[in-house]
Amino acid sequence: MSQTKVSFKSENKLGDCPGVMIGDSKTTNKGLVVIQEWWGLNDQIVEEAALISTSGFVTLTPDLYRGKIATDNEHAGHLMSNLDWPGAVADVKGAIAYLKSVGCVKVCIQYC
């Protein structure tokens, strides 16, 4: 599966949101926004998204922490408790719009 780092528009006050897209909208029109666990956008969540994409989806995992990845439970809890939830919702909405803009007709959301 092709894996691409992308940046898409978000109404988050932090601006555009980075993410990882896996799959090709030329081969499927089904999109899935994969929400990271409290650790952040780490290798494990990217591997999960890649596995999901083998079932016929283009996956997009937005980086809700903007590059921060937890190193232990305490750090993960800190990142999660300081997350700007309205901004995160805006990022997810932006991810949905991005998947639609690349040809996905149906887009769902999954929390891992």
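The values are calculated or read from the model by the stated rules, or taken from the named source; none is laboratory data. What you are looking at is a predicted structure, and each value in this text was computed from that prediction instead of being measured. Positions of Cβ are backbone-derived with ideal geometry, glycine not excepted, and every protein chain shown enters the neighbour counts.
Here is how the numbers come out for the structure above:
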quantity	calculated
Selected residue (criterion: surrounded by the most Cβ atoms within 10 Å (Cβ to Cβ)) from residues of region 96-107 that are modelled with pLDDT of 95 or more and out of contact with any Ser or Thr (no Cβ under 8 Å at 6 or more places or on another chain)	Tyr98
Residues of region 1-54 satisfying the condition of being out of contact with any Leu (no Cβ under 8 Å at 6 or more places or on another chain), in a loop (DSSP other than H, G, I, E, B) and either farther than 26 Å from Ser81 by Cα or hydroxyl-bearing (Ser, Thr, Tyr) (or both)	Met1, Ser2, Ser10, Gly23, Asp24, Lys26, Thr27, Thr28, Asn29, Thr54
Residue match in region 16-24 (condition: touching an Asp or Glu at 6+ places or on another chain (Cβ under 8 Å), surrounded by fewer than 17 Cβ atoms within 10 Å (Cβ to Cβ), of a type in the set (D, E, K, R) and closer than 16 Å to Gly94 by Cα)	no
Residue within region 30-53 that is over 26 Å from Gly77 (Cα atoms) and touching a residue at least 60 places away in the same chain (Cβ under 8 Å) present	yes
